[in-house]
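The structure appears right after this line, and notes come after that.
Since every read-out is calculated from the coordinates, none of them should be taken as a lab result. Since the model is a prediction, treat every value here as computed from it, not as a measurement. Note that each Cβ is placed from the backbone with ideal geometry, even for glycine, and that neighbours are counted across all protein chains shown.
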Amino acid sequence: MLSTFRTQQGGEPVFDAMHRPELSRRFSWAIPNDAAIEAIAEVAAGRGIVEVGAGTGYWAALLEQAGVDVLATDAAPPAPSLGDDHNLWHAEASTWVEVHHVDGATAAADSNGRVLFLCWPPSINDMALEALEAYTGDTVVYVGEWTNGATGTPAFRALLDAEWELVRTVEIPVWWGREDAVRIYRRARPVNC
């Protein structure tokens, strides 16, 4: 099905931006690939994932298919019965897995040793920053942009840069004009408890 949304540009297949709103609403804002799912599954082995801001839970569904224990959470899980205003990012979309109704900071604080996973956190609020500040674990997977600023806030990226060490980057397919990647971080300093 996704092949119908691809075009040729300079001999390389790219995803047709005309269909981006529909595909992002139904699936995810970032485009997963096998390398990304394998890298995330590797760091989550034996610990599981807590996904904050899971949206439709599409990445969570792919990770579960790869054998990862995933707890998908969102402050406003998509629910078509609640109308378009309930979740503006995924209006009228259904979820791919059960997405629990939990705010980001609470989900991250209660992660119980799981890897924190943030995929395209919004740039218009502090959800990602609050989740990162509340998280006491040692591994974060961030899928999104770094310099364009369409994902996360400058404060979120500054905290990652200051207190976390980037240990791996995995390239993923991107929409035209985007610079998404999977970035895996380890905590650089122990948490003061």
### Summary
Reduced to Cα centres, the span from region 38-78 to region 116-158 in Å works out to 16 Å
### Query
Sorting Arg47, Arg168, Arg178, Arg189 on the 10 Å Cβ count, fewest up front, what's the list?
Arg189, Arg168, Arg47, Arg178
